[in-house]
1. Looking at VAL35 and the list (1) of a type outside the set (D, E, K, R); (2) in contact with a strand residue (DSSP E or B) (Cβ under 8 Å, 6 or more places away or on another chain); (3) part of a helix (DSSP H, G or I), which single condition is not satisfied?
2. Restricting attention to segment 1-30, and to residues there that are crowded, with 16+ Cβ neighbours inside 10 Å and among the aromatic types (Phe, Trp, Tyr), which single residue is farthest from GLY90 (Cα to Cα)?
3. So which residues in segment 168-226 are farther than 30 Å from ALA36 by Cα, assigned to a loop (DSSP other than H, G, I, E, B) and not hydrophobic (A, V, I, L, M, F, W, C)?
4. Provide a single number: the residues in segment 44-92 that are over 16 Å from ASN168 (Cα atoms), within 14 Å of the chain's Cα centre (by Cα) and among the polar types (S, T, N, Q).
5. Within segment 29-50, how many residues turn out to be within 16 Å of LYS4 (Cβ to Cβ) and either among the acidic types (Asp, Glu) or touching a Leu at 6+ places or on another chain (Cβ under 7 Å) (or both)?
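The values are calculated or read from the model by the stated rules, or taken from the named source; none is laboratory data. The shown structure was predicted, so the numbers you read here are calculated from the model rather than taken from an experiment. With ideal geometry, Cβ positions are generated from the backbone for all residues, glycine too; neighbour counts draw on all protein chains shown.
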Amino acid sequence: MIKKIAFTKMHGLGNDYIYVDCTKEKLEFPQENSVAWSRYHFGIGSDGLILIEKSDIADIKMRMFNADGSEGQMCGNASRCIGKLCYETGICKKEQIKMETLAGIIVLNLRFAEDDLGNRYVPSVEVDMGKPSTKDIAFRDGQAIDMLDDDIVVDGKTYKGTTVSMGNPHLVVFVDDINEIELEKIGPKFEHHPYFPERINTEFAQLLDNGEIRMRVWERGSGITLACGTGACATAVAAALTGRSKRQSKIIMDGGALKINWDEKTQHVMMDGPATVAFTGEVETIK
């Protein structure tokens, strides 16, 4: 018998995932389903799969799987989409939602608007992404190293990189002209660089004349994506750590912009941006 399950396709600035409500029905084989469903032309097409599950320590739990089936710790754009989906479908009818992830508890502060009929909906979400870390991301000769504008050689060329963890590992590389970066060629080589035994998300960033930051991302397990919430946060933190900007940044990605505030008092990174439903449907599952 063919089994089907309901899904919602959503995106945060073009970073698109397939969302499945698993609070009532469990999805078997999420890794395999993520690979199959994420394929454009042959599946739904996405950057991966997000499961919304019950939690013993928070309001809900998020599990995320990349397009290659690997499980990730955290996704900022998906967090915003989950906040919108949970409120608007009644999974969790709260204005502030605490969400369990592999990176810890994340707090979602929902932003509200009203449609022409007076119905409340959630156009955007502010996410408390917690405290960033620079520890235990890069390793040289088996020893952990903190990278702060440190040299990293890829394809015979030396770049300056800064490592930041937002619950998942990032390397932020500032460049003079982001348009000169051949992301599809260089991205995989950064992801699999020997400095990063767990692989790495890589952000290439350019400081603009108006103080905003233009960024493009290569996500481990998914490749080029139009936006990355944790990557935008990591870029803002790296810019502040290296003296390129202050603690408030506007990060402009291929899919749009996010506002990032690294709070000086709490040391938490706050991310603010939109969440959008593309369509809903049913999909055949892998048994």
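1. Every condition holds for VAL35 apart from (2).
2. That would be TYR17.
3. ASP176, ASP177, TYR195, ASP209, ASN210, GLY211, GLU212
4. The number of residues fulfilling the criteria is 1.
5. Residues that pass the stated criteria total 4.
Each row is one residue, and each column tells you yes or no for (1) in contact with a helix residue (DSSP H, G or I) (Cβ under 9 Å, 6 or more places away or on another chain); (2) surrounded by 22 or more Cβ atoms within 10 Å (Cβ to Cβ).
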site	(1), (2)
PRO123	yes, no
GLY142	no, no
LYS160	no, no
MET166	yes, yes
LEU171	yes, yes
VAL175	no, no
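Yes or no, residue by residue, for (1) touching a Leu at 6+ places or on another chain (Cβ under 9 Å); (2) farther than 16 Å from LEU241 by Cα:
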position	(1), (2)
VAL164	yes, no
HIS170	no, no
VAL173	no, no
ASP177	no, yes
GLU180	no, yes
LEU183	no, yes
PRO188	no, yes
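This table checks each residue for (1) in contact with an Asp or Glu (Cβ under 6 Å, 6 or more places away or on another chain); (2) of a type in the set (Val, Ile, Thr); (3) not assigned by TED's automatic domain parsing to the domain that holds VAL217.
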{"site": "ASP151", "(1), (2), (3)": "no, no, no"}
{"site": "THR158", "(1), (2), (3)": "yes, yes, no"}
{"site": "VAL175", "(1), (2), (3)": "no, yes, no"}
{"site": "LEU183", "(1), (2), (3)": "no, no, no"}
{"site": "PRO197", "(1), (2), (3)": "no, no, no"}
